[in-house]
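The values are calculated or read from the model by the stated rules, or taken from the named source; none is laboratory data. Please read these numbers as outputs of a predicted model, since none were measured by experiment. For neighbour counting, all protein chains shown are included, and Cβ atoms are generated from backbone atoms with ideal geometry for every residue, glycine included.
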Amino acid sequence: SGGWRMRAALGGVLFAAADLLLLDEPTNYLDLEGAAWLEEYLRDYPHTVLVVSHDREMLNRSVTHILALDERRLEVFAGGYDAYLKKRAERLSLATSMKAKQDAQREHLQSFIDRFRAKASKARQAQSRIKQLEKMQDIALPLESRTTPFHFEDASPLASPLVVFDECELGYAPGHPVLSKVSLRLDHDDRIVVIGPNGQGKTTLVKSIAAKLPLLAGKRVASGKAVMGYFSQDQLDELREGESVFEHVRTLEPDWAPPKVRALAARMGFGFEKIDTKVQDLSGGEKVRLLLGLMAHAKPHVLILDEPTSHLDIDSREALIHAINEFEGAVLLITHDIYLAEACADRLWLVYHGRVRPYDGDLEDYRKLVLSADRSLARSVKTDAPNSNVKKPATSAYTLKQRIAAAEAEMEQAQATIARVDTALADPNLYTRDPARAASLSRERADAAAALASAEVVWLEVSEALSG
């Protein structure tokens with residue numbers, strides 16, 4: 001998965017213990033657990049770290065200074081991101097006040113000049129005021145950045161429940177469920193975040209709720225009128241390369257006149273300067289905005305958002321939070337962005353060890369649980385076996401790095417196998433045309449998944465040992 005590829009890439013960089021660590025959006029594609037671990041790791045990193053990030057929680061928990069780039073100028077602020085926002089607001093307030101005083105003084109001087117310039121008795125004083133006015137330096141107010149809002153129009157209300165699962169098995173191959181005994185209910189006013197480590201089945205769950213993945217067993221009952229709005233960061237690759245924003249938006253309403261299509265695109269955030277841009281030339285954030293706009297046009301009753309903020313800047317994330325909170329339907333989120341989750345959701349579903357269960361704590365409780373589990377695992381790796389009187393020789397850093405590299409290679413091989421097998425199993429005719437091959441592929445996928453899980457455990461344990 002993208003999350004494990006990011007973890008593997010980060011692992012190679014972090015544990016080299018570089019004197020200067022440069023990270024560009026390191027939490028993209030990480031799950032909440034990985035982001036929480038990275039926040040703590042960077043906070044305690046003994047050397048210099050320079051990170052480009054739109055992850056507000058990480059910028060509050062892990063950094064000591066903010067280097068802000070504004071109007072082609074760099075400026076350093078002490079503290080985290082919230083402290084930076086406060087100082088910036090104070091500076092803007094002070095500049096606004098000084099600007100108002102300067103404008104009042106300028107108006108007073110100009111009034112004196114206009115009144116007495118022509119009078120001989122006041123000419124010298126008027127000239128003095130003119131020089132004073134000319135020497136006055138304008139106080140420039142910082143430009144306020146404007147972010148186009150997101151819009152999720154409310155659909156006609158429906159009675160709850162919108163979706164019910166009863167003892168369902170979810171997955172991709174018969175006989176090999178990713179999740180079992182899934183019983184849940186989604187109501188029209190639910191705001192739920194799905195949590196759990198990478199590879200446990202969070203995306204499998206939300207795809208099944210959105211009816212994009214058929215059930216392996218069990219019963220799914222959904223309101224016949226309920227419209228599901230589904231977004232996943234993987235959909236960025238589904239945009240049609242070579243086509244413009246206008247062409248994508250026009251597919252929603254092919255009978256509309258071009259001006260009306262352009263107005264709809266503008267509402268999504270694509271004005272005249274962007275509407276004819278080919279999708280391959282859009283930024284990651286612009287692609288997310290386009291996909292969300294295309295999805296929202298159907299007026300869904302349920303928003304199912306799988307990592308919607310990975311490519312959005314901080315202001316766009318704030319705009320998305322506002323739009324979600326204004327939306328009156330149900331919301332189901334998978335996100336590593338704790339700030340987004342806390343702002344938009346009031347319930348948690350934990351996906352772990354093949355089950356889906358309500359989680360009674362809040363996100364901060366879960367974050368502490370994840371970090372305490374990581375520390376316990378690290379201690380278990382570093383501690384000698386009980387009742388052993390023989391002190392074990394320390395494993396060299398070189399050997400640990402070799403084990404990490406081997407685990408990463410095993411993870412990549414297992415992920416490649418899973419991707420290949422999933423592509424083959426996606427053929428709906430395979431099970432009737434060649435059931436023996438389907439069964440063989442299912443067994444191969446299960447073996448690869450087990451190998452991946454084993455390699456992940458080794459990678460985490462050895463990485464913790466190396467960092468200690």
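Going through (1) out of contact with any helix residue (DSSP H, G or I) (no Cβ under 6 Å at 6 or more places or on another chain); (2) at pLDDT 85 or above; (3) within 29 Å of residue 236 (Cα to Cα) one by one, residue 20 falls short only on (3).
Say whether the condition of being under 13 Å from the mean Cα position of the chain (by Cα), in contact (Cβ under 8 Å) with a residue 60 or more places away in the chain and not in a strand (DSSP E or B) is met by at least one residue in the range 6-22. Taking every residue of the range 6-22 in turn, none turns out to be under 13 Å from the mean Cα position of the chain (by Cα), in contact (Cβ under 8 Å) with a residue 60 or more places away in the chain and not in a strand (DSSP E or B).
Would you confirm, using the coordinates I've provided, whether residue 304 is among the aliphatic types (A, V, I, L, M), in contact (Cβ under 8 Å) with a residue 12 or more places away in the chain and in a loop (DSSP other than H, G, I, E, B)?
Numbers: among the aliphatic types (A, V, I, L, M): yes; in contact (Cβ under 8 Å) with a residue 12 or more places away in the chain: yes; in a loop (DSSP other than H, G, I, E, B): no.
So residue 304 fails the test.
Within the range 343-380, the set of residues being at pLDDT 85 or above, surrounded by fewer than 19 Cβ atoms within 10 Å (Cβ to Cβ) and hydroxyl-bearing (Ser, Thr, Tyr) comprises 352 only.
Residue 227 meets each of the listed conditions (1) touching a Ser or Thr at 6+ places or on another chain (Cβ under 7 Å); (2) on the phi < 0 side of the Ramachandran plot apart from (1). Within the range 37-74, the set of residues being basic (Lys, Arg) and surrounded by 20 or more Cβ atoms within 10 Å (Cβ to Cβ) comprises 56 only. Per the listing 449, 453, 436, 416, the residue uniquely within 32 Å of the chain's Cα centre (by Cα), at pLDDT below 80, loosely packed, with under 15 Cβ neighbours inside 10 Å and not assigned by TED's automatic domain parsing to the domain that holds residue 213 is 453.
Among 222, 210, which is the only one that is under 26 Å from residue 329 (Cα atoms), surrounded by fewer than 19 Cβ atoms within 10 Å (Cβ to Cβ) and modelled with pLDDT under 95? Reasoning before the result, please.
Working: 210 fails: surrounded by fewer than 19 Cβ atoms within 10 Å (Cβ to Cβ).
Sole residue among the options that is under 26 Å from residue 329 (Cα atoms), surrounded by fewer than 19 Cβ atoms within 10 Å (Cβ to Cβ) and modelled with pLDDT under 95: 222.
The residue pairs whose first member lies in the range 40-56 and is touching a residue at least 60 places away in the same chain (Cβ under 8 Å), whose second member is aliphatic (A, V, I, L, M), and whose beta carbons are closer than 8 Å, counting only pairs six or more residues apart or on different chains, are 40/371; 41/14; 54/312; 54/314; 55/35; 56/314. Once the range 23-36 is narrowed to residues that are part of a loop (DSSP other than H, G, I, E, B) and of a type in the set (Asp, Glu), the residue that is surrounded by the fewest Cβ atoms within 10 Å (Cβ to Cβ) is 25. Using the structure shown, decide if residue 406 is part of a helix (DSSP H, G or I) and either surrounded by 14 or more Cβ atoms within 10 Å (Cβ to Cβ) or modelled with pLDDT under 80 (or both). Criteria met by residue 406. Looking only at residues in the range 281-309 that are of a type in the set (D, E, K, R) and over 16 Å from the mean Cα position of the chain (by Cα), the one that is surrounded by the most Cβ atoms within 10 Å (Cβ to Cβ) is 299.
How many residues does the range 99-115 contain that are more than 14 Å from residue 132 (Cβ to Cβ), over 53 Å from the mean Cα position of the chain (by Cα) and not basic (Lys, Arg)? Count: 1. Residue 260 passes every criterion in (1) without any contact (Cβ under 8 Å) to a residue 40 or more places away in the chain; (2) under 28 Å from the mean Cα position of the chain (by Cα); (3) outside any loop (DSSP other than H, G, I, E, B) apart from (2). For the criterion of being among the basic types (Lys, Arg), in a loop (DSSP other than H, G, I, E, B) and within 30 Å of residue 174 (Cα to Cα), residue 225 passes. Restricting 96, 64 to those that are modelled with pLDDT under 80 and among the β-branched types (Val, Ile, Thr) reduces the list to 96.
Quick check on this structure: which one of 340, 312 is part of a helix (DSSP H, G or I), modelled with pLDDT under 95 and buried (at least 18 other Cβ atoms within 10 Å of the Cβ)?
Values: 312 fails: part of a helix (DSSP H, G or I).
Every option except 340 fails the conditions.
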